[in-house]
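Read the structure below first, then the notes.
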Amino acid sequence: MAASAARRAERRAGLFMVSPALVVFSVFMFVPIGMTFWYSLHKYSGFGRMRWIGTDNYATILSDHTFWAAAKNTILYTAITVPIGVVAGLSAALLLNRWMPARGLFRALFYVPVVISGVASGIIFLRLFDPLLGILNQIMTSVGLPSIDWQGSGFWALMSIIIVSTWQGIGFGMVVYLAALQGIPREVYEAGIVDGAIGWKRFRHITWPLLRPTTFFLVVYSIIGSFQVFDVVYVLTRGGPGTSTTFLVQYAYDQGFNQRKQGYAAAIGVILYVVVLLFTLVQWRVTKDRDEA
Amino acid sequence: MTTPRDSSTSLADLAGEPTAVAVAAPAEGEARDSRRVTGIRLVIAIVSVVVLMFPMYWMIRTSLAPTSELSDLPVALWPKNWLWHNYTDPWHQFPFARWLKNSVVIAVVSVVLTLAINLMAGYAFAKLRFPMRNALFLLIISTLMVPIQVIMVPQFQMVIDLHLLNSNWGVIIPRLAEAFGLFMARQFFLAMPDELIEAAKLDGAGHFRTFWSVVLPLSKPLIASLVIFTFMWRWNEFVWPLIVLDDPNAYTLPVGLQFLISQFSTNFGPLLAMSFLSILPMLVVFAFFQKYFVEGVARTGLK
């Protein structure tokens, strides 16, 4: 029958066209994820023989102070950066949503830090935060504030990372919120005006509830993104002083490639994977419920 | 994520806007704030941009100054003399030209290969019926947010086994599994009307002919977004090249830059000059194609 021949042709074409993607995803994503579990059950220096040690790596993690410090730092960093990023992105979007002169130029400039590499951003701020020669401390002392030893204390080192992350991320949040704001039909606002919803009231009762799915997306996306912050930390603080800016990804890298404990690094990788997967599933669940509602 | 969204219509104003400094006329029928409110917003916007752009300015300002001027406190906001040799000297002292070449080769080859893979797969996942389609798509999308640190140990072993350490291919090949681009492509093709494809079929075109001569020519905005995002990700990438490359001649720009930090120590002038050179190509790409950055973010259905 012609119909089934056509269906067979479609099936063949479809499988053929996804096959390159399936090959690269199998070889460089699915197999490595599986192998990470396998490595995590071994002691391995990266060269020579692997030695099976069962769940010893995970037992070690449980009593590893540096691991828990890194986990705590990651959570603290996430808890501070994500809300700041969401508020900053939303504020920028509201600021630049409606007409004003040179609006497009403003939007573009807000977005510029997003396209700059983490390493270059780190170097730029390394200069700004420099305790002796940095312009930031010069400005602060010139207005009578105390100068800050940004890399000297754990608290300020973490703050410096948070400042750079916010600088890098504001443009992304803005674009996401702008897209959502443009999607709100004008009639919704016009109906609101009749009910007296203007200014803050309009934002509180109309705009903000309509943006809820966007906010949810951005929060989950930023949480997962904040588990991955590496480049800026590597350049700016190297995880220090002490372990005060060591996050889980830094710790995994350090264990795997500086300490050459690749099995242990893989075990940390497994934990990261499980956490990221949980957040991804939550996002799917909620998005799916919303779309079906 | 499960429903297609055509974001291009609602974004028409956002994405297609000219960004000239000139006072742009408001889109027809667009609601405007009162003059006073617009004025307040404008002032806030100017102050914000000054703060946000200050680090960029300070990078350029520092890159043009001798070390002596920078340690002479307080540092003047405007350079006293313009020192260009920060931009020329490091080329002789370090294999900067090699790093630039490696970065260009890696970014360009990655763009070509990633696009070929993701355009085909995205189209098939959106428009063609084949067994296990949804399961395979979900499996791929589940890796969207997996950090490189999860798979770096086995991938490093693979690169060693393939003898690709210190090679451009060792950086390129393992990163071809790029779920974001695939997702972006599928969302775009889902929004494409079936009638277009049916019409091509009635003209006797097979699936590949339809894809090549009907679908792809209509996908220029998608292709532009994919080119730009893939280029940016690969150009800026740090962790994976840091793992694969340990020979200074094989470095990419980001890996080379972090190497220079230890070389220059507090001699910030040449370090920031090189940093600026490394981001300049990205800034040029952004200046010309910025609307595709915006469209790309919106197209992933992020709303």
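The values are calculated or read from the model by the stated rules, or taken from the named source; none is laboratory data. This one's a predicted model, so the numbers in the text were calculated from it and none came from an experiment. Here Cβ is always computed from backbone atoms with ideal geometry, including for glycine, and neighbour counts include all displayed protein chains.
For the reader, a short list of remarks on this structure follows.
- Put simply, of B:A224, B:A177, B:A199, B:A185 the only residue that is assigned to a helix (DSSP H, G or I), crowded, with 22+ Cβ neighbours inside 10 Å and among the small types (G, A, S) is B:A185.
- Scanning the stretch A:2-59 for residues that are among the basic types (K, R) and loosely packed, with under 13 Cβ neighbours inside 10 Å yields a count of 3.
- Qualifying residue in the stretch A:64-75 (condition: part of a loop (DSSP other than H, G, I, E, B) and at pLDDT 95 or above): yes
- Residues satisfying the stated conditions in the stretch B:35-64, i.e. within 22 Å of B:L283 (Cα to Cα) and either of a type in the set (G, A, S) or assigned by TED's automatic domain parsing to the domain that holds B:F268 (or both): B:A45, B:S48, B:S63
- Qualifying residue in the stretch B:134-155 (condition: within 12 Å of chain A (Cβ to nearest Cβ) and on the phi > 0 side of the Ramachandran plot): no
- Of the helices (runs of 4 or more DSSP H) lying entirely inside the stretch A:156-237, the ones with 2 or more residues being among the aromatic types (F, W, Y) are found at A:212-226.
- Some residue of the stretch B:30-51 being within 30 Å of B:L242 (Cα to Cα) and buried (at least 20 other Cβ atoms within 10 Å of the Cβ): no
- Within the stretch A:133-151, residues that are aliphatic (A, V, I, L, M) sit with their Cβ atoms under 8 Å from residues that are loosely packed, with under 15 Cβ neighbours inside 10 Å and outside any loop (DSSP other than H, G, I, E, B), at 6+ positions apart or across chains, in these pairs: A:L133/B:S71; A:I148/A:M140.
- Qualifying residue in the stretch A:100-107 (condition: surrounded by fewer than 23 Cβ atoms within 10 Å (Cβ to Cβ) and either under 23 Å from B:S103 (Cα atoms) or in contact (Cβ under 8 Å) with a residue 40 or more places away in the chain (or both)): no
- B:A287 meets all of the listed conditions (1) within 11 Å of chain A (Cβ to nearest Cβ); (2) surrounded by 14 or more Cβ atoms within 10 Å (Cβ to Cβ) but one, namely (2).
- Screening the candidates B:L260, B:L253, B:L245 for the property of being farther than 23 Å from B:Y87 by Cα and in contact with a Leu (Cβ under 9 Å, 6 or more places away or on another chain) yields one hit, B:L245.
- Within the stretch B:205-230, being over 22 Å from B:M282 (Cα atoms) and either away from every other protein chain (no Cβ under 12 Å) or in contact with a Gly (Cβ under 6 Å, 6 or more places away or on another chain) (or both) holds for B:S213, B:V214, B:L216, B:P217, B:L218, B:S219.
- Within the stretch B:40-66, residues that are free of Cβ contacts under 8 Å to residues at least 60 places away in the same chain sit with their Cβ atoms under 7 Å from residues that are among the basic types (K, R) and part of a helix (DSSP H, G or I), at 6+ positions apart or across chains, in these pairs: B:W58/A:R127.
- Counted residues, the stretch A:231-269 - those being facing another protein chain (nearest Cβ under 8 Å) and farther than 30 Å from A:W52 by Cα: 3
- Among the candidates A:I116, A:I135, A:I123, A:I148, the residue that is more than 7 Å from chain B (Cβ to nearest Cβ) and either crowded, with 20+ Cβ neighbours inside 10 Å or not polar (S, T, N, Q) (or both) is uniquely A:I148.
- Picking from residues in the stretch B:239-276 that are surrounded by fewer than 21 Cβ atoms within 10 Å (Cβ to Cβ) and outside any helix (DSSP H, G or I), the one that is modelled with the lowest pLDDT is B:T266.
- The residue of the stretch A:1-46 that is farthest from A:I271 (Cα to Cα), among those that are of a type outside the set (A, V, I, L, M), more than 9 Å from every other protein chain (Cβ to nearest Cβ) and in a helix (DSSP H, G or I), is A:S4.
- Selection status of B:L162, in contact (Cβ under 8 Å) with a residue 12 or more places away in the chain and of a type outside the set (S, T, N, Q): no
- Being surrounded by fewer than 17 Cβ atoms within 10 Å (Cβ to Cβ), at pLDDT below 90 and out of contact with any Cys (no Cβ under 9 Å at 6 or more places or on another chain) is a description that does not apply to B:E17.
- Verdict on B:L119 being in contact (Cβ under 8 Å) with a residue 40 or more places away in the chain and outside any helix (DSSP H, G or I): no
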